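What follows is a set of notes on a single structure, which appears directly below.
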Amino acid sequence: MGDKSVMGAAPPRVWGRQPTGDPHARTVAVLAPGYGLERVSYMIPSARRRYVKLSRLPWHRLERRGSFWAETVPVVGPRVDLVHTFNQIALNRPFGVTVEMELPRYLGAPARWQRQLGLRLLRSDHCRGIWPLSEAARAYLLRRFAAAGLPELAHKVTVFRGAVTPPPPGADRAGYAESGPLRLLFVGGDGLRKGLGPALAAAERLRAGGVEATVTVVGAATAETYLVPGERFPTAPVEALLARPWVTHHRQLPNAAVRALMGAHDLFLFPTMDESLGWVPAEAAMSGTPTIATDIFALPELVVDGATGWTLPVDKDVDGRWRHIGQPHPRDAWQAAQEALTDGLVAILAGARREEIAARGRQARAHITALYGMDVAGAALDELYERAIVRT
């Protein structure tokens, strides 16, 4: 989700859009427009709902540590049929919540009473639906609800992926190149976690082996990641590669410009080490651009190895995340993983044929359209809202 800061995307202005054709249209409130919420609510058109923005009491500003009051929200404003939140629990209104991964999502070390209150609100009739963004997130939640002694929450959990728009006018793919340099694209604000180093190192090795390739980067080198806490990694090697003549580097671009780049490149590189979902490879697929991604968490749902792209194996835990997150002294494991990702990228890129790239790109677009197409998302969201609002 952090890729939005790289792209400079802004949510569309649709507040108060009056639906047509259904006098019983639902009024749904949102609290925090942006940060992904537009993709799973007010961006998706329907004659059966309209959206309004409600306010929250700013109690979270008094919080000295953690994020309990940032994520457990007292709502003020007119009555609505439902509040749709993103990772947040509405304290005093009926709500449905879209979830990236964790719920309750309290950062730091929440007090026991805070976690218990969050879980009690999820059990209550106020919570009308828990909507993870992927099957991986659903499994993650169900394991934790069961461990907390609340397996009955499973009946509220339904995967709802949201929507990914087609490329904007003038940004769609004109076709697939049959010759010339292999055009590679990387997008990611957190360069260290997202795999900028392996992506550039693989391209350099590819070129040294006689394969002509260029790389466009949207993002920057970073020295730290929560995956390896307390460690700093030198950025000079990555910055030196960013200065190569075969690299075009943009620190930041608006979303429309990134979408245009997707349609103008052959492959999207996403060797990330941790991800709650991966909107960017989904957008790349909508442009018919296949992705090479790690096989962590939900990414194998978006990038089907051997069909719509390629996946790189990572040493994972039962949740599908990198096994060494939170373990002591993971620096050596991190370095080994970065080297393995570089080797894997080189092997795939060196062997990828033009006709194979084109075939996987077409399949990628079909696959993501079936998962995230506007019509599919709109019908699914209408059904979720009806189930959430019509309750006895």
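The values are calculated or read from the model by the stated rules, or taken from the named source; none is laboratory data. If you're wondering where the values come from, they're calculated on a predicted model, not measured in any experiment. Don't worry about glycine lacking a Cβ; one is built from the backbone with ideal geometry, like all the others, and counts go over all protein chains shown.
The table that follows gives values for the structure above.
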| quantity | calculated |
| --- | --- |
| Residue check, Ala202 under 19 Å from the mean Cα position of the chain (by Cα) and either in contact (Cβ under 8 Å) with a residue 24 or more places away in the chain or under 29 Å from Glu100 (Cα atoms) (or both) | no |
| The stretch 265-279, residues that are in a loop (DSSP other than H, G, I, E, B), at pLDDT 95 or above and among the hydrophobic types (A, V, I, L, M, F, W, C) | Met273 |
| Failed item, numbered, when Val73 is tested on (1) more than 29 Å from Met374 (Cβ to Cβ); (2) of a type in the set (A, V, I, L, M); (3) touching a His at 6+ places or on another chain (Cβ under 9 Å) | (1) |
| Pick from the stretch 72-111, criterion under 16 Å from the mean Cα position of the chain (by Cα) and acidic (Asp, Glu), ranking: nearest to Leu153 (Cα to Cα) | Glu102 |
| Which listed residue, of Thr311, Thr294, is surrounded by fewer than 24 Cβ atoms within 10 Å (Cβ to Cβ), in contact (Cβ under 8 Å) with a residue 12 or more places away in the chain and outside the structural domain of Val99 (by TED's automatic domain parsing) | Thr311 |
| Condition met for Ala146 (crowded, with 21+ Cβ neighbours inside 10 Å, part of a helix (DSSP H, G or I) and not aromatic (Phe, Trp, Tyr)) | no |
| Residue in the stretch 111-131 that is touching a Phe, Trp or Tyr at 6+ places or on another chain (Cβ under 6 Å) and not in a loop (DSSP other than H, G, I, E, B) present | yes |
| Qualifying residue in the stretch 56-68 (condition: modelled with pLDDT of 85 or more and in a strand (DSSP E or B)) | no |
| Any hit, the stretch 197-217, residues being under 24 Å from Glu38 (Cβ atoms) and crowded, with 16+ Cβ neighbours inside 10 Å | no |
